[in-house]
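The structure appears below as structure tokens.
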Amino acid sequence: MRVLMCRPDYYTVDYEINPWMHVREKPDQALATVQWQALHDTFTGLGIDVELIEPVKGLPDMVFTANGGLVSGNRFILSLFRHEERQGEAAYFEAWANRSGFETVRLSGDFFFEGEGDVLRLPFVTSSVGETLVAGYRYRSEIRSHNQISELLGVRVVSIELASEHFYHLDTCFCPLNEKAALYYPGAFDDYGKKVLSNIFESLIAIGEQDAKSFCANAVVRGKDVVMNPCSAALKEQLKALGFNTHEVELSEFIKAGGSAKCLVLKLD
Ligand code: ARG
């Protein structure tokens, strides 16, 4: 597994584009750096290769590389950020992808699309039309971007409407674990969304409000390892019963911008 991360050198909260962000509650820069490094080292300790994109002054949310695009094979689908505050990041992710040998692809039309933050792959779920991706829309990505992704990649895209502005990207409230199980926060979906998820997964593990606010669904899963911000003992027990090892990394300073472990990485393969 190979991922892309961005050092938090210019990370701060200078604007408010989601309900977690408050310009008067700035993250502690030194602590954020320590937390980011701990996350980075947890990944490398698990044998995950971490590539880095140079941070850019004035683009504080660039640390959340999950929104930089969506990678499939050699293709890097570029994002179109909804908020002006993040739009400047796109050119840097594009340049990085080109330099790194990816074929960059721009979606046609002007549909907002925030990359892997809103699109989760289920490589283990097969359908007659190939791999399945679950994609969220409403607060950031637009549903019209989903069709294009489906056509471009030749995959089935299951679209789900997000229903709570606190959980504005799909990866803040939903985390596939394996072919049978996924974590999700029920408060982030409407009844139809929950039905769609339950059609895909035999076992949907509902996390509580406290775990949701601790961004426990914003986890990185690699085989039996789950890397996440600290969660409740009950959730850890549930994961353990399913055979997963949890690796907790305190990411309080990033939650101040509405992101955590999974938002801080972009999967490159
Ligand atoms: N402050 C960032 C934003 O609002 C956080 C992004 C979190 N990323 C994610 N994949 N959930 O865009």
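Is it the case that segment 233-242 has a residue that's under 30 Å from Gln29 (Cα atoms), assigned to a helix (DSSP H, G or I), away from the ligand (no atom under 15 Å from the Cβ) and not hydrophobic (A, V, I, L, M, F, W, C)?
Looking for residues that are under 30 Å from Gln29 (Cα atoms), assigned to a helix (DSSP H, G or I), away from the ligand (no atom under 15 Å from the Cβ) and not hydrophobic (A, V, I, L, M, F, W, C), one finds at least one in segment 233-242, hence yes.
Could you go through segment 27-40 and let me know if any residue there is more than 13 Å from the ligand (Cβ to nearest atom) and under 11 Å from Leu4 (Cα atoms).
Scanning segment 27-40 turns up at least one residue that is more than 13 Å from the ligand (Cβ to nearest atom) and under 11 Å from Leu4 (Cα atoms).
Has segment 101-109 got any residue that is in contact with a Pro (Cβ under 9 Å, 6 or more places away or on another chain), assigned to a strand (DSSP E or B), touching a residue at least 24 places away in the same chain (Cβ under 8 Å) and of a type in the set (A, V, I, L, M)?
Checked against the condition, which is being in contact with a Pro (Cβ under 9 Å, 6 or more places away or on another chain), assigned to a strand (DSSP E or B), touching a residue at least 24 places away in the same chain (Cβ under 8 Å) and of a type in the set (A, V, I, L, M), segment 101-109 yields no hits at all.
Please give the helices (runs of 4 or more DSSP H) falling wholly within segment 11-99 in which 1 or more residues are of a type in the set (A, V, I, L, M, F, W, C) and modelled with pLDDT of 95 or more.
Numbers: elements: 29-45, 84-87, 89-99.
Counting at least 1 such residues, we get 29-45, 89-99.
Condition first: in a strand (DSSP E or B), aromatic (Phe, Trp, Tyr) and within 18 Å of Phe93 (Cα to Cα). Now tell me which residues in segment 110-159 satisfy that.
Within segment 110-159, Phe113 is the sole residue that qualifies.
Each row is one residue, and each column tells you yes or no for (1) part of a helix (DSSP H, G or I); (2) within 16 Å of the ligand (Cβ to nearest atom); (3) surrounded by fewer than 20 Cβ atoms within 10 Å (Cβ to Cβ); (4) among the aromatic types (Phe, Trp, Tyr).
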{"position": "Asp171", "(1), (2), (3), (4)": "yes, yes, no, no"}
{"position": "Asn178", "(1), (2), (3), (4)": "no, no, yes, no"}
{"position": "Lys194", "(1), (2), (3), (4)": "yes, no, yes, no"}
{"position": "Ile205", "(1), (2), (3), (4)": "no, no, yes, no"}
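Yes or no: Phe254 surrounded by 20 or more Cβ atoms within 10 Å (Cβ to Cβ) and on the phi > 0 side of the Ramachandran plot?
no
Quick test for you: out of Leu80, Leu46, pick the one residue that is in contact (Cβ under 8 Å) with a residue 24 or more places away in the chain, more than 10 Å from the ligand (Cβ to nearest atom) and either basic (Lys, Arg) or crowded, with 18+ Cβ neighbours inside 10 Å (or both).
Details: Leu46 fails: either basic (Lys, Arg) or crowded, with 18+ Cβ neighbours inside 10 Å (or both).
One residue alone meets the criteria, Leu80.
Anything in segment 219-234 that is in contact (Cβ under 8 Å) with a residue 40 or more places away in the chain and touching a strand residue (DSSP E or B) at 6+ places or on another chain (Cβ under 9 Å)? List them, or say none.
Matches in segment 219-234: Ala219, Val220, Val221, Asp225, Val226, Val227.
Please list, ordered by first then second residue, the pairs with beta carbon atoms under 6 Å, 6 or more apart or interchain, first in segment 198-218 and within 18 Å of Asn245 (Cβ to Cβ) and touching a residue at least 12 places away in the same chain (Cβ under 8 Å), second of a type in the set (Ser, Thr, Tyr) and within 14 Å of the ligand (Cβ to nearest atom).
Ile207/Tyr185; Ala217/Tyr185; Asn218/Thr172; Asn218/Ser260
Just for segment 83-102: of the residues that are hydrophobic (A, V, I, L, M, F, W, C) and crowded, with 17+ Cβ neighbours inside 10 Å, which one is farthest from the ligand (Cβ to nearest atom)? Walk me through how you get there before you give the answer.
Kept after step one, since they are hydrophobic (A, V, I, L, M, F, W, C), are these residues of segment 83-102: 90-91, 93, 95-97, 102.
Now restrict to residues that are crowded, with 17+ Cβ neighbours inside 10 Å: 90, 93, 96-97, 102.
On the way: Ala90: 13, Phe93: 13, Trp96: 17, Ala97: 17, Phe102: 19 Å.
Taking the candidates together, the pick is Phe102.
With the requirement that a residue be within 19 Å of the chain's Cα centre (by Cα) and either of a type in the set (A, V, I, L, M) or farther than 18 Å from Ala261 by Cβ (or both), what does segment 17-45 give you?
Ile17, Pro19, Met21, Ala32, Ala38, Leu39
Kindly indicate whether any position in segment 152-161 is within 16 Å of the ligand (Cβ to nearest atom) and surrounded by fewer than 23 Cβ atoms within 10 Å (Cβ to Cβ).
So far as segment 152-161 goes, no, none of its residues is within 16 Å of the ligand (Cβ to nearest atom) and surrounded by fewer than 23 Cβ atoms within 10 Å (Cβ to Cβ).
The values are calculated or read from the model by the stated rules, or taken from the named source; none is laboratory data. Keep in mind the model is a prediction, meaning the values are calculated, not measured. Note that each Cβ is placed from the backbone with ideal geometry, even for glycine, and that neighbours are counted across all protein chains shown.
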